[in-house]
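The values are calculated or read from the model by the stated rules, or taken from the named source; none is laboratory data. Computed from a predicted structure; not experimentally measured. Heads up, the Cβs are rebuilt from the backbone with ideal geometry, glycines too, and the neighbour counts pull from every protein chain shown.
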Amino acid sequence: MVIGIIDYGMGNNGSIRNMLRKAGAEEVVLATTAADILSASALILPGVGHFGRAMEELHTRDLVQPLCAAVQEKNTPLLGICLGMQLLLEGSAEGDSEGLGWLRGRCHRIPAATVESPTLKVPHMGWNQVRITQPHPLFADTLPEHRYYFVHSYHAVCADAAEQLATTPYGIDLTAAIGRAQLLGVQFHPEKSHRYGLTLFQRWLSLVTPQVTR
């Protein structure tokens, strides 16, 4: 069982690989070519930085077509992390580039003020709770006291409410997780979320590799 981390120069690949190994992953590789992507049993799409630049890097490295083939034709499980989650959608206000478009929706800048919170710091940075809005095994046994680490200035708005799996409160309810079946994304960084992130990776591995013991 091979977990491939998409390496396109814009992710915390080392931290993610280390956490996956702690979670029980059998083999974790950096996927830099079409062959790497298409041979992986499951994929992680990380992301830190600008939406438009991320899509440009994926296109420049000829990774978009094999990613689409893996996810849409082979049904390879994929987990997007932070910007990697946002790339699953159709686009973002952060640049003019189209996203991968596997899930319907777009990303918008987090408002710096709301009625409830006249002033908010953007980016949304630090530990925050998540509220489950659609049941999914990825968040089984998640409790209100569980916290995850966020760093983002843009938030996802799903066109289909059923694909918003969790939210996090920050002036408004920001989307914390999206997906359907084995195509999933989380806005927070599980690789920086200590024991809660480790547990989430263990749950994800149990979904894509049933032989992994939780």
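Remarks
- Condition check for ASP160: touching a helix residue (DSSP H, G or I) at 6+ places or on another chain (Cβ under 9 Å) and loosely packed, with under 14 Cβ neighbours inside 10 Å: no
- Reported count of residues in segment 139-160, each being at pLDDT below 95 and not in a strand (DSSP E or B), is 8.
- Some residue of segment 42-51 being closer than 19 Å to ASP96 by Cα and β-branched (Val, Ile, Thr): yes
- Of PRO137, PRO144, PRO123, all but one fail to be within 16 Å of the chain's Cα centre (by Cα), surrounded by fewer than 16 Cβ atoms within 10 Å (Cβ to Cβ) and under 23 Å from GLY179 (Cβ atoms); the exception is PRO137.
- Single match in LEU138, LEU143, LEU120 (criterion: of a type outside the set (D, E, K, R), without any contact (Cβ under 8 Å) to a residue 12 or more places away in the chain and over 20 Å from MET10 (Cα atoms)): LEU143
- Unique match (being touching a helix residue (DSSP H, G or I) at 6+ places or on another chain (Cβ under 8 Å), among the acidic types (Asp, Glu) and touching a residue at least 24 places away in the same chain (Cβ under 8 Å)) among GLU56, GLU98: GLU98
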